[in-house]
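The values are calculated or read from the model by the stated rules, or taken from the named source; none is laboratory data. Computed from a predicted structure; not experimentally measured. Note that we place each Cβ from the backbone using ideal geometry, even for glycine, and neighbour counts take in every protein chain shown. These area figures cover heavy atoms from the full protein model, side chains too; ligands, DNA and RNA do not enter into them. Shrake-Rupley method; radii C 1.70, N 1.55, O 1.52, S 1.80 Å.
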Amino acid sequence: YSIVKKENNMTRKVLILSASTGGGHNRAARAVQEEAEKLGLECKIVDSLKFVSKMVDTVISKGYETSALYTPKAYGGMYRISDTKVMRKGMDKNLLLKFITKRLWKLIQQEQPDYIVGTHPFPVMAVSKLKEYGYTVLPLYSIITDYTIHSAHIAKEVNAYIVADEYMKSLLEKEGVSSEIVYPYGIPIEKRFLEAIDASSTRNEFDLKDKFTLMLMGGSFGAGNIIDVLSDLLKIKEDIQIIIVCGRNSSLYSKVERYLQTNNKTKDILLLGFTDKMNALMSVSNCIVTKPGGLTTTECILKELPMIIPFFIPGQEKDNLDFLLNNGLAIRPTGTFPLDVVVKTLYDYPEKLERIKNSMRMEKKEGSAEKIASLFE
């Protein structure tokens with residue numbers, strides 16, 4: 001199979017290979033799909049690991065979620081061990097990757113795309129292998145959804161890397177990737193997330209007050225020690241309100257609910273599970289306490305919402321945090337500067353929040369999804 005130039009009246013097709021290891025890969029895929037379809041391209045998103053097999057998806061996607069929630073240090077250790085050239089060479093001969101490659105070849109034959117986009121490294125590695133073996137010459141685009149590079153991201157037959165920042169371009173160049181195929185367009189975000197919000201309407205909808213508002217969340221599946229953080233926030237004497245988002249973690253929601261029933265007597269608090277109103281809620285927040293996932297980080301930067309990061313999953317999120325701190329985009333509480341002191345200071349001195357917002361204005365990459373879609377023309 002090889003790419004065949006279609007007639008003018010035939011619609012070109014983009015196949016996006018995503019994965020459900022966290023929420024970021026799928027959200028980035030949807031953002032690109034939205035813009036590609038505006039250009040008249042047919043665009044299909046396939047959860048590559050689910051397509052390969054239910055068992056593979058369980059091992060990789062659910063394994064990531066479980067280890068991130070319950071054994072984060074072990075996950076971080078494995079992440080570091082896997083980020084070596086020796087392990088990467090071993091991965092090339094891995095039976096699991098060979099199985100993924102074989103199954104994705106069937107998908108490519110079935111879908112007959114003109115372009116392939118990967119928002120997760122495993123399908124990118126697999127398609128790169130197919131190109132290396134001569135099965136296809138389809139253009140392959142890799143979208144990296146974090147602010148760091150892992151050896152698994154680097155594949156021989158990738159035609160274009162879309163990365164979050166110029167620092168990542170430099171990191172790829174250091175690993176021998178040509179600068180000509182690296183595009184620091186930023187991580188793609190769906191347009192609806194950037195729509196203008198009427199703050200007054202949002203406050204009325206959620207029964208929020210017009211005062212200093214802090215959002216607390218732990219990512220798409222509610223990771224992070226939310227209870228400990230909440231305990232610190234409740235110590236703050238200043239008149240703040242807190243929005244807590246637990247994501248799809250229903251057990252965390254129940255745990256927080258029980259905690260608040262016995263420990264909160266003074267603070268205005270809105271407790272939510274999963275919500276599709278994050279754009280609106282971020283728009284009425286003064287700052288956010290969260291973990292540094294790639295998509296969450298990007299959304300905060302685009303919304304100019306200062307980040308306080310007391311927890312992270314060891315691995316790529318630790319590297320994301322390094323990027324944020326090095327660029328003045330976030331604050332990390334420490335033993336010397338505990339969370340309650342950080343929040344009180346930001347409450348008392350809003351110019352410190354403005355300083356972070358200024359850094360975010362310099363960093364934000366607008367129009368990422370549109371720029372990515374333009375690569376298919």
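Between segment 290-350 and segment 184-243, how many Å separate their Cα centres? After rounding, the separation between the Cα centres reads 13 Å. Couplings for segment 142-154, taken from phi via the Karplus curve 6.51 cos²θ - 1.76 cosθ + 1.60 with θ = phi - 60°, read 10, 9, 9, 9, 9, 9, 8, 10, 10, 4, 5, 6, 8 Hz in order; Gly and Pro are left as x.
Relative to the dominant Cα principal axis of the chain, helix 339-348 is inclined by about 70°. Helical content alone sets the calculated 222 nm signal of the chain at -13500 deg cm²/dmol, taking -39,500 (n - 2.57) per DSSP H segment of four or more residues and averaging over every residue. Less than 5 angstrom separates the built amide H of Y183 from those of Y161, I162, V163, all sequence-distant by 5 or more or on a different chain.
Loop-resident trypsin sites (Lys or Arg not before Pro) (DSSP state other than H, G, I, E or B) in segment 106-198 with no more than 12 further Cβ atoms inside 10 Å of their Cβ: K156. Taking K156 as the anchor, which aspartates and glutamates have their alpha carbon closer than 12 Å to its alpha carbon, excluding any fewer than eight residues away along the same chain? Once the sequence-local aspartates and glutamates are set aside, what remains near K156 is D92, E132, E175. Taking all protein chains into account, the per residue accessible area for the chain stands at 46 Å² (1.4 Å probe). With 0.36 nm allotted per residue and the present C-alpha distance subtracted, the K265-Q109 stretch has 50.1 nm of extension available. In a DSSP loop and with at most 11 other Cβ atoms within 10 Å, the trypsin sites (Lys or Arg not before Pro) in segment 250-332 are K265.
Need one word for segment 189-265: rounded, prolate or oblate. Basis is the Cα gyration tensor (sqrt eigenvalues a ≥ b ≥ c); a/c below 1.5 gives rounded, then a/b vs b/c decides. Oblate shape, in that a/c is at least 1.5 and b/c is the bigger or equal ratio. Once the gyration tensor of the Cα atoms in segment 107-196 is diagonalised, the equivalent ellipsoid follows with semi-axes of 23, 19, 10 Å, ordered largest first. In plain terms, the chain from E180 to K98 could stretch by 26.6 nm, reckoned as 0.36 nm per residue minus the Cα-Cα distance. The residue list P121, V177, W105 was ranked by how far each Cα lies along the charge dipole of the chain toward its positive end, using unit charges on Cβ atoms, and W105 comes out on top. Calculated on the Cα set of the chain, radius of gyration then Dmax: 21.4, 68 Å. For K265, a cut-off of 20 angstrom between C-alpha atoms picks up these aspartates and glutamates, skipping any fewer than 8 places away in its own chain: D207, D210, D228, D232, E238, D239, E257, D340. Whose amide H sits under 5 Å from the amide H of G23, counting only residues 5 or more places off or on another chain, with H placed in the peptide plane? It is S220, by chain and number. Overall, the accessible surface of segment 103-199 at a probe of 1.4 angstrom is composed of carbon and sulfur to the extent of 46 percent. For segment 231-377, the fraction of C-alpha pairs farther apart than 27 angstrom is 25 percent. Which percent of the accessible area of segment 235-377 is formed by carbon and sulfur heavy atoms (probe 1.4 angstrom)? Ligands and nucleic acids excluded, carbon and sulfur give 48 percent. Please give the length that would be gained between D322 and D210 if that part of the chain were fully extended, namely 0.36 nm times their separation in residues minus their C-alpha to C-alpha distance (nm, one decimal). Extra length from D322 to D210 when fully extended: 37.0 nm.
For the pairs K50/K357; K191/K357; K129/K191; K106/K169, flag any whose C-alpha to C-alpha distance is greater than 27 Å. Result: K50/K357; K129/K191; K106/K169 exceed 27 Å. Percent of C-alpha pairs per 10 Å bin in segment 307-377, short distances first: 17, 39, 29, 11, 4, 0.
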